[in-house]
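For reference, the structure discussed in these notes is given below.
Nothing in this text is a laboratory measurement; each read-out follows from the coordinates by a stated rule. What you see is a predicted model; the values in this text were computed from it and never measured. Because the Cβ atoms are built from the backbone with ideal geometry, glycine has one as well, and the counts that use them run over all protein chains shown.
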Amino acid sequence: MNIEFKIASFSDIEGIIKLCNECFDEYTDIEYAKKIFLENEHDKNQIYLVGIVDGEIVAHAKINIIPTIYEDMNTYAILNHVCVKPSFRREHIGTKLLDECFRISKENNCKCVELWSKNFRVAAHGLYHSYGFEVMDAKFFTKDID
């Protein structure tokens, strides 16, 4: 399957949100997504990557480049909202998407790549394991700000 990867532009936002809403059972409002994208479009450390087949966005990943002052951590990347349209799965698009994420991370001098994935995404976890990701000895904590 011929897939083209590119850094997303404003015109890709609707396709990204449609895909992520489908893959993650979320509902993000398009206008909200457009507003946030425009507010951050010049931040070189926030990268929205899309995979396109026949003009349709079928894959996506958000790459967050995190430069630090800590030598052991150095600069690293965190991936989230990694997804492939269900009807395009089993075509190795997920592997190609991760390849592109790693290429971009290397270009940004990242020492490692971390990945956030919700527990219910068991099939995706199989891809991450086969790609060489390891489960960290850590827990992800969150707390809403009142």
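The overall shape of the stretch 26-95 is oblate: from the C-alpha gyration tensor, with semi-axes ordered a ≥ b ≥ c, the ratio a/c is 1.5 or greater and a/b is no larger than b/c.
Taking a ≥ b ≥ c as the square roots of the eigenvalues of the Cα gyration tensor, the stretch 44-146 is classed as prolate, since a/c reaches at least 1.5 and a/b is larger than b/c. Here LYS118 is the anchor, and the aspartates and glutamates within straight C-alpha reach of less than 19 Å, apart from those fewer than 8 places off in the same chain, are GLU22, ASP25, GLU26, GLU134, ASP137, ASP144. Charged neighbours of TYR70, selected by a Cβ distance under 15 Å, balance to -2 (K, R count +1; D, E count -1). Here is how the number arises for the chain: DSSP H runs of 4 or more residues each give -39500 (n - 2.57), the sum is divided by the residue count, and the result at 222 nm is -10000 deg cm²/dmol.
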